[in-house]
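First the structure, in the form of structure tokens, and then the observations on it.
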Amino acid sequence: MDTMTLDAAGQTAASQPESAEREAVDTNTSKTVGKPFCDDAKMRMRNVNVFYGETQAIHDISLDIGCNEVVAMIGPSGCGKSTFLRCLNRMNDTIEDCRVEGELTLDGEPIYGQKVDVVPLRARVGMVFQKPNPFPKSIYENVAYGPKIHGIARRRAELDEIVENSLRRAGLWNEVKDRLDQPGTGLSGGQQQRLCIARAIAVSPEVILMDEPCSALDPIATARIEELINELRENYTIAIVTHSMQQAARVSQRTAYFHLGRLVEVNDTETVFTNPQHELTEAYITGRFG
Amino acid sequence: MEMHFDQHISRQFNEDLESIKTEMLEMGGLVARQVADAVDALSNADSELAEKVLRAEEEIDKREMALDEHATLIIAKRQPAASDLRMVMSVTRIARDLERIGDEASKVAKMAIALTDEGSSPRGYTEIRHIANAVRKMLNDALDAYTRFDVIAAMRTLTEDEKVDMDYRTAVRELITYMMEDPRSISRVINVLWILRSLERIGDHAKNICEQVVYLVEGADIRHGHEDKLKTK
């Protein structure tokens with residue numbers, strides 16, 4: 001098996017023969033099993049540590065998110081997956097006491113650089129949250145808001161085009177094209193979530209972060225969003241946190257398993273769900289006592 | 001990684017998995033009995049025992065179908081992953097091989113009846129006994145290896161199949177020579193050849209079971225000569 005291990009210095013090393021590697025797996029070290037890195041990384045994270053005051057929430061995590069790839073992050077509640085996701089567009093900045101260490105880059109440029117303005121950063125790295133949170137404005141305004149404040153569209157015609165395109169790509173256009181002036185909050189939960197996705201893609205982001213985007217949705221709306229994620233992958237890089245393992249298995253190319261603030265295993269999704277290499281991953285995805 | 005199928009948070013899931021494994025091993029026991037009885041019926045010219053083998057085939061078919069149904073239900077209800085998923089897949093694949101072994105045992109039983117009715121000198125019986133012992137041992141060892149999740153035992157048993165294949169080819173050559181020397185024996189000897197063929201197939205199915213042990217424990221699919229996928233050991 002083509003496994004790579006990550007040593008303390010965050011460098012890749014060709015793995016030992018599998019048997020040796022399996023014995024070497026120690027649940028108390030921060031070694032990540034599998035393939036945390038890729039050749040065409042859009043975002044590179046190295047030795048990331050996150051603290052909330054005195055408490056360390058993330059321990060020395062290194063991970064790449066590749067271009068046109070969906071990376072799923074799974075793990076029990078409190079394992080740090082959402083915290084890690086929120087580091088990727090500096091959403092943690094809003095939390096007092098939260099400190100992020102390590103090297104995080106987008107296209108090779110540091111995300112946490114002194115001169116980095118988070119507003120354009122968040123336009124490049126968009127986010128969709130667990131609960132659909134449309135603005136209390138019309139459907140049109142929800143999507144048009146971002147392009148307006150980022151100065152992407154100057155004329156009404158341009159804006160109209162962006163709104164239509166975004167809604168089309170989010171698979172919502174046909175359902176709302178006749179009532180664009182009605183409030184976004186009047187849509188169903190699944191439609192609201194797709195509206196939030198349309199809002200996220202309206203500013204042409206390069207990366208989309210999704211934090212349990214389907215946990216408040218019914219199975220049909222969930223299937224729509226998953227279908228959408230699959231289509232969006234052609235143009236965007238996507239990182240998704242999910243509690244549904246079947247969802248991770250369906251939408252992602254690589255799956256990362258987090259446990260107690262550590263990244264235990266990252267592998268091709270296929271491998272993680274049929275033959276995980278770490279016993280903690282196995283225990284989690286099969287519903288055993290961890 | 002060690003195999004633990006009794007540590008799910010859902011106790012019902014533990015029981016479901018334990019139960020399909022037990023069902024499969026019970027079916028394996030029945031099938032092994034069928035093979036032993038069919039060979040004994042032949043050696044002892046015991047038509048009654050051969051008839052019993054033929055009657056028992058229905059039971060084995062029923063068990064295969066029951067096992068498939070239970071496995072399907074587990075997939076529908078639990079969406080098993082990782083070792084659980086491999087457990088369900090391997091059990092259904094093995095059930096299929098066991099059912100085929102049952103079919104081969106029935107063929108041997110039918111031939112035993114035909115040869116007993118004809119009743120004359122048992123040419124080729126030594127070879128039959130020899131190969132029968134080898135494949136019966138393979139089958140028992142394969143099921144044992146599954147019970148104990150023992151990849152090493154499975155790999156050892158798996159290689160036994162080469163010897164069986166070689167013994168089979170040698171026996172066929174000898175019997176062909178014999179038929180050329182004594183054409184009156186042809187119809188009888190062909191029945192003996194069919195039996196050898198069935199026994200050789202049983203060896204192949206036992207080998208398949210061993211491959212499923214490897215798949216279950218290591219997650220490597222080594223069927224069709226892909227032993228290289230198994231890097232460990």
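Only one entry of B:V164, B:V189 meets the criterion of being over 21 Å from B:L98 (Cα atoms) and in contact (Cβ under 8 Å) with a residue 24 or more places away in the chain, and that entry is B:V189.
Which residues, taken from the range B:54-112, are touching a Pro at 6+ places or on another chain (Cβ under 7 Å) and on the phi > 0 side of the Ramachandran plot? Correct list: B:A82 only.
Can you name the residue in the range B:186-222 that is of a type in the set (S, T, N, Q) and touching a helix residue (DSSP H, G or I) at 6+ places or on another chain (Cβ under 6 Å) and, of all such residues, is surrounded by the fewest Cβ atoms within 10 Å (Cβ to Cβ)?
Narrowing the range B:186-222 to residues of a type in the set (S, T, N, Q): B:187, B:191, B:198, B:208, B:212.
With touching a helix residue (DSSP H, G or I) at 6+ places or on another chain (Cβ under 6 Å) added as a condition, the list becomes B:191, B:198, B:208, B:212.
Values: B:N191: 17, B:S198: 25, B:N208: 20, B:Q212: 25.
Checking each candidate, the answer is B:N191.
Return yes when B:E200 is more than 14 Å from every other protein chain (Cβ to nearest Cβ), assigned to a helix (DSSP H, G or I), more than 19 Å from A:T271 (Cα to Cα) and in contact (Cβ under 8 Å) with a residue 12 or more places away in the chain and no when it is not. Taking the combined requirement at face value, the residue satisfies it.
Scanning the range A:201-223 for residues that are among the charged types (D, E, K, R) and farther than 28 Å from A:E158 by Cβ, we see that the one that is nearest to the chain's Cα centre (by Cα) is A:D211.
Do we find a residue being more than 14 Å from every other protein chain (Cβ to nearest Cβ), within 22 Å of B:Q212 (Cβ to Cβ) and among the basic types (K, R) anywhere in the range B:24-33?
Yes: one or more hits.
Selection of the range B:69-114 for residues being within 14 Å of another protein chain (Cβ to nearest Cβ) and within 19 Å of B:V151 (Cα to Cα) yields B:A82, B:S83, B:D84, B:L85, B:R86, B:M87, B:V88, B:M89, B:S90.
Right, B:Y168: surrounded by 19 or more Cβ atoms within 10 Å (Cβ to Cβ), out of contact with any strand residue (DSSP E or B) (no Cβ under 6 Å at 6 or more places or on another chain), modelled with pLDDT of 95 or more and within 14 Å of chain A (Cβ to nearest Cβ) or not? No: the conditions fail for B:Y168.
Just checking, does the range B:172-182 include any residue being surrounded by fewer than 17 Cβ atoms within 10 Å (Cβ to Cβ) and either within 14 Å of another protein chain (Cβ to nearest Cβ) or outside any helix (DSSP H, G or I) (or both)? Checked against the condition, which is being surrounded by fewer than 17 Cβ atoms within 10 Å (Cβ to Cβ) and either within 14 Å of another protein chain (Cβ to nearest Cβ) or outside any helix (DSSP H, G or I) (or both), the range B:172-182 yields at least one hit.
Out of everything in the range B:203-233 that is within 14 Å of chain A (Cβ to nearest Cβ) and among the charged types (D, E, K, R), what residue ends up being nearest to B:D37 (Cα to Cα)? Among residues in the range B:203-233 that are within 14 Å of chain A (Cβ to nearest Cβ) and among the charged types (D, E, K, R), the one nearest to B:D37 (Cα to Cα) is B:D221.
Within the range B:115-136, if we keep just the residues that are surrounded by 19 or more Cβ atoms within 10 Å (Cβ to Cβ) and in a helix (DSSP H, G or I), the residue that is farthest from the other protein chains (Cβ to nearest Cβ) turns out to be B:L115.
The values are calculated or read from the model by the stated rules, or taken from the named source; none is laboratory data. Fair warning: this is a prediction, and the values are worked out from it, not measured in the lab. Quick reminder, even Gly has a Cβ in these numbers, built from the backbone with ideal geometry, and neighbours come from all protein chains shown.
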